[in-house]
Amino acid sequence: MKIKKIILLIPVICLFITGISYSQSGDYNNKTPDVRAREMTDRLNDKLSFKDGQDSLVFQAYQSFFSSMEMLRNFKDNNDETKTAIQNARNELDGKMKIILTSDQYDKYSSMMQDMQKNNQNRRGNRKINRD
């Protein structure tokens, strides 16, 4: 009886350990700006159903945005200049998306981005992170 419990418990422990190690490994930091841009473009295309040529324009906009964000992330300096630069990059992306997308697509896009921002804030618990 005890042996059966132990035999059943071993796979459960292995799954638990695998789950913990997988969740901590996250490959977000290993993705290039091009990969991130392609993933975001594909995700948006699924939701917004791009028209002719919008796909490549959205990809270029996100490629530029993620390249800027990677460069800013490499500074590791969380000062006001960096925050302003990040906000400027987001505003620039938003301006490009406003030009690329139709008004209906842009409304959906804005709603999606607001939802994503709320989800990120909820996930972080509105905590402040000290990155010294």
(message) Of the residues Ile7, Ile20, only one is assigned to a helix (DSSP H, G or I), over 30 Å from Lys98 (Cβ atoms) and at pLDDT 75 or above; which?
(response) Ile7
(request) Tally the residues that are assigned to a helix (DSSP H, G or I) and modelled with pLDDT under 85, restricting the search to the range 118-132. (result) 5
(request) Evaluate the following for Asp46: is it surrounded by 13 or more Cβ atoms within 10 Å (Cβ to Cβ) and closer than 20 Å to Ser103 by Cβ? (result) no
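The values are calculated or read from the model by the stated rules, or taken from the named source; none is laboratory data. From a predicted model like this one, the values you see are computed outputs, not experimental measurements. Cβ sites come from the backbone with ideal geometry, for glycine too, and all protein chains shown count toward neighbours.
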